[in-house]
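Heads up: the structure comes next, in structure tokens.
The values are calculated or read from the model by the stated rules, or taken from the named source; none is laboratory data. From a predicted model like this one, the values you see are computed outputs, not experimental measurements. No Cβ is skipped: glycine too gets one built from the backbone with ideal geometry, and neighbour counts run over all protein chains shown.
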Amino acid sequence: MKAVVVFESMFGNTRRLAEAVGKGLAETAEVRVVPVSRANSRLVDDADLVVVGGPTHIHGMSRPSTRKAAVDQAAKQPATVLDPDARAAGLDDWFAALGHLEARAAAFDTRAKAPAILTGRASKGIDRQLRRHGLRPVVDPESFLVDKANHLQPGEEDRAREWGQRLGRSTEAS
């Protein structure tokens, strides 16, 4: 099985989680983990499983205005480091250019540690977009949590790796 994990990351949290998901999937699949800016159509066309993750911005998927706000925020806080691909196009642009695909899929996000009713979940929008493009989600969307300082909560990378393992096993069985 070939799997690709596509991610958008502003401060590196979603990148770290995508890499952890990829490590978990690698137990049962040949995996590529790529930022959305390098997720070309050939890469995803060849995949049996497409996993997509992104940060939650203002209750949903990021948009150009929220990505710009994140870049501006990082410029004002010297301790905040932008992900190397943060200034590139986001998932919304990628989905707009994505054609119809025939593969299984899964969605995840990063969001603040608070009830989802308050934070929203980008993974729900990602899941809807996956379905619109013909992909068949095999699990419910998953959220991984960050604190108020925008650092991953303890254990989230391990949980992402375990989610990737479960995803790989369930996909392999179907």
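Taking only pairs six or more apart or across chains, which ones have beta-carbon atoms under 7 Å, a first residue in segment 19-46 that is over 12 Å from Gln165 (Cβ atoms), and a second residue that is in a helix (DSSP H, G or I)?
Arg32/Leu43; Val33/Ala18; Val33/Glu19; Val33/Gly22; Val34/Leu43; Val36/Leu91; Val36/Trp94; Ala39/Trp94
Which members of segment 35-66 meet the condition of being more than 22 Å from Arg111 (Cβ to Cβ) and in a strand (DSSP E or B)?
Answer for segment 35-66, where residues must be more than 22 Å from Arg111 (Cβ to Cβ) and in a strand (DSSP E or B): just Leu49.
Please go through segment 136-174 and pick out each residue that is closer than 19 Å to Gly22 by Cα and of a type in the set (A, V, I, L, M).
Matches in segment 136-174: Val138, Val139, Leu145, Leu152, Ala160, Leu167, Ala173.
Take Gly22 and tell me if it is surrounded by 21 or more Cβ atoms within 10 Å (Cβ to Cβ), within 13 Å of the chain's Cα centre (by Cα) and part of a helix (DSSP H, G or I). Outline the logic, then answer.
Numbers: surrounded by 21 or more Cβ atoms within 10 Å (Cβ to Cβ): yes; within 13 Å of the chain's Cα centre (by Cα): yes; part of a helix (DSSP H, G or I): yes.
Yes: the conditions hold for Gly22.
For Asp83, are the conditions met, namely being modelled with pLDDT of 95 or more, in contact with a Gly (Cβ under 8 Å, 6 or more places away or on another chain) and surrounded by 15 or more Cβ atoms within 10 Å (Cβ to Cβ)? Reasoning before the result, please.
On the way: modelled with pLDDT of 95 or more: no; in contact with a Gly (Cβ under 8 Å, 6 or more places away or on another chain): yes; surrounded by 15 or more Cβ atoms within 10 Å (Cβ to Cβ): yes.
The answer is no for Asp83.
Just checking: which of the helices (runs of 4 or more DSSP H) contained wholly in segment 91-170 hold 2 or more residues that are in contact with a helix residue (DSSP H, G or I) (Cβ under 7 Å, 6 or more places away or on another chain)?
The helices (runs of 4 or more DSSP H) meeting that bar are 91-97, 122-132.
Can you tell me which residue in segment 3-19 is nearest to Ala96 (Cα to Cα), limited to those that are in a strand (DSSP E or B) and more than 10 Å from the chain's Cα centre (by Cα)? Talk me through it step by step, then tell me what you get.
If we filter segment 3-19 for residues that are in a strand (DSSP E or B), which is where we start, we get 3-7.
From what is left, the residues that are more than 10 Å from the chain's Cα centre (by Cα) are 3-4.
Values: Ala3: 21, Val4: 19 Å.
Taking the candidates together, the pick is Val4.
Sort through Val52, Val33 and tell me the only one that's among the β-branched types (Val, Ile, Thr), farther than 20 Å from Gly125 by Cβ and surrounded by 15 or more Cβ atoms within 10 Å (Cβ to Cβ). Let's see the steps before the verdict.
On the way: Val52 fails: farther than 20 Å from Gly125 by Cβ.
Only one candidate passes the filter, namely Val33.
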